[in-house]
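To start, the structure itself, in structure tokens.
The values are calculated or read from the model by the stated rules, or taken from the named source; none is laboratory data. A quick note: this is a predicted structure, and the numbers were derived from the prediction, not measured. Virtual Cβ from ideal backbone geometry, glycine too; neighbours counted across all protein chains shown.
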Amino acid sequence: MRAAGLHLGLVGLLLAAHFVLPAYHHGVLARVMVLAAYATGYNLLFGYTGLLSLGHAMFFAAGMYGAGLGVRFLALDPGLALLAGVAAGALLGLAVGLLALRTAGVAFMIVTLMFAQATHLGILLAGRWTRGDEGFVLQGPERVVLGLDLGDAAIRYLAAWALFSAVLLLVLRLVSLPAGRVLVAIRENEERARLLGYDTRAHKLRAVVLSAAIAAAAGAAYALLFGYVGATFASVQYSILPLLWVLLGGAGTVIGPFLGTLLMFYLIDTASGLTPAYMLVAGLALVLLTLFAPQGLAGEVRRRLAPWLP
Amino acid sequence: MNAPILSARGLCKSFGGLRAVHEVDLDLVPGEVRALIGPNGAGKTTLVSMLIGRIAPDAGRILLDGADITRLPAHARVRRGMAYSFQITSVFQRLPVEENVALAARRRLGRDRAAVAGEVARVLAEVGLSAEAGRMAGDLSYGHQRLLEIAMGLAQRPRLMILDEPTQGLAEAEVAGFRRLVRAISADCTILLIEHNMDVVMALADRITVLDFGEVLAEGTPEQIRADPAVQAAYLGAA
Ligand SMILES: Nc1ncnc2c1ncn2[C@@H]1O[C@H](COP(=O)(O)OP(=O)(O)O)[C@@H](O)[C@H]1O
Ligand SMILES: [Mg+2]
């Protein structure tokens, strides 16, 4: 009950922010919500299932290119493009999951990293369609759905809000269901979970596919809302970022990925206004975090104040 | 005699050059308490690990209710009514006691929260851990963690329970509690019990199988085993 109230409260707050925020922060929050949806999907696998992927950018990119290429070459409307992006991410998740889940721990990290590198390379090699590093822009009628122009700041914000809210509430619901509890059990002690009769391999595969699909939804939304599709989003950097956001906000908490994404954005935003070495500030923040709040923001809140936090 | 609930034929397992289990046959009759004894390193844990499917045998067959389960993964065997408690305590340390048990119950009861809660309360009461329901499993005493393992087994309502040295490291009073508990469980469940404490074995077992150097040295009632000269030489004498 408290958990539902808290998360619905956040959803309501973000909607209210639409009407009061100044233009700059309004734009920032739209972007943060899309990236937080990505982080929330990442956290399902990392924080809840205990599988550390170093290649999630491939799923974000699968969604981004699935949607972007669908719009560009198949003239899909943005709604169908979003579905195409999610489908591309889920399929890639299924393929990668089937192979990578033969490994665990560090090997899983390396295998996912290599698949992501291969995906990045594939995007660059298919430059004829993807325009490689340079990428391509979606504009004008390509971003209109049901008469709504996703390039419009208000509509963009509300679309980002809808996506983030859907992902947040989906994950909140999932982790309260038996299937979600099994993921935590796998994280804590996989062999014990298996010997309670759970097909842990199948549960992990489902988690990979769902996590990939959410990452892909975020990637597709990013392409459609911000009008740009580029190979940078398939690079290692975009595999590491969700990990940092989740660590900062609290791995294995529903609200943590959003908090981490938001905080990291403003941290870097503020720091880059002060010093060119702004990544140093971000690095310092992470060092301080591991020293004083190793479980992340929401993780510390749960440990100290609110053990009921999901 | 009843048809066996579990049969093993010719089970073999080697680790490198070491023959941990060699040509073991085993038949468990429904409802019996079978003790599996033998010196350290005799292959007891390796044998039951093959029965539950944690490790694959090099050779041999395993039948559950007459159906070949040799190739079934562990989780599928559990779904067919087998439960296993580890020699080295294996609970979800960072989850509450009640969630540990609920995970065991939910596989059967699914989303029915009331049924799961009822089962958790029942099982925790049975093993005497009701007062600890809200604590983290890792904060329990060692003896209570062993009880929690049993509770997780019970919550699955298994037909066959494999207990690997459940009394290892327990204080004497706790061992007595365990004895009562195992006896109560055996009323509606077949039990394969690996146990070092001979008082416990003699008090609980309907039959005893003695393993030595990976092979079955003897099998029989407690009286027969106690009187068996080979067993005395290999094991009881040494203990
Ligand atoms: N995973 C393993 N790898 C190598 N040797 C093992 C392994 N497991 C058990 N062994 C060896 O197999 C023999 C039987 O071990 P185990 O089945 O644990 O005996 P018990 O449970 O009767 O004490 C021992 O010599 C042990 O060292
Ligand atoms: Mg052993």
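See the values below:
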quantity	calculated
Residues within segment B:121-168 that are within 16 Å of ligand 2 (Cβ to nearest atom) and farther than 13 Å from B:F86 by Cβ, tallied	1
Unique residue being away from ligand 1 (no atom under 16 Å from the Cβ) and without any contact (Cβ under 8 Å) to a residue 40 or more places away in the chain when the list is B:L129, B:L103, B:L95	B:L129
Residue selected from segment B:63-89 under the condition part of a loop (DSSP other than H, G, I, E, B) and among the small types (G, A, S), by the criterion nearest to the other protein chains (Cβ to nearest Cβ)	B:G81
Test result for B:V101, more than 16 Å from ligand 2 (Cβ to nearest atom), assigned to a helix (DSSP H, G or I) and within 11 Å of chain A (Cβ to nearest Cβ)	yes
Pick from segment B:26-36, criterion touching a helix residue (DSSP H, G or I) at 6+ places or on another chain (Cβ under 6 Å) and within 15 Å of ligand 1 (Cβ to nearest atom), ranking: farthest from the other protein chains (Cβ to nearest Cβ)	B:A35
Count of residues meeting criterion [surrounded by fewer than 16 Cβ atoms within 10 Å (Cβ to Cβ), free of Cβ contacts under 8 Å to residues at least 60 places away in the same chain and of a type in the set (A, V, I, L, M, F, W, C)] in segment A:86-103	2
So B:V48, is it farther than 17 Å from A:L195 by Cβ and either within 13 Å of ligand 2 (Cβ to nearest atom) or of a type in the set (A, V, I, L, M, F, W, C) (or both)	no
Pair list, Cβ < 7 Å and 6+ apart or interchain, from segment A:191-216 residues that are within 28 Å of A:F60 (Cα to Cα) to residues that are of a type in the set (F, W, Y) and outside any loop (DSSP other than H, G, I, E, B)	A:S211/A:Y42; A:A212/A:F59; A:A215/A:Y38; A:A215/A:Y42; A:A215/A:F59; A:A215/A:F60; A:A216/A:F59; A:A216/A:F60
Among (1) within 11 Å of ligand 1 (Cβ to nearest atom); (2) over 26 Å from B:D199 (Cβ atoms) - the single one B:T45 does not satisfy	(2)
Qualifying residue in segment A:193-209 (condition: more than 14 Å from chain B (Cβ to nearest Cβ), surrounded by fewer than 23 Cβ atoms within 10 Å (Cβ to Cβ) and either modelled with pLDDT under 90 or within 17 Å of B:R107 (Cβ to Cβ) (or both))	yes
Selection status of B:E195, at pLDDT below 90 and of a type in the set (D, E, K, R)	no
Single unsatisfied condition, B:D58 versus (1) within 16 Å of ligand 1 (Cβ to nearest atom); (2) farther than 19 Å from A:L196 by Cα; (3) surrounded by 17 or more Cβ atoms within 10 Å (Cβ to Cβ)	(3)
Number of the exception - A:D152 against (1) free of Cβ contacts under 8 Å to residues at least 60 places away in the same chain; (2) touching a helix residue (DSSP H, G or I) at 6+ places or on another chain (Cβ under 6 Å); (3) at negative phi	(2)
Lone unmet requirement of (1) within 14 Å of another protein chain (Cβ to nearest Cβ); (2) β-branched (V, I, T); (3) more than 17 Å from the chain's Cα centre (by Cα) for A:V175	(3)
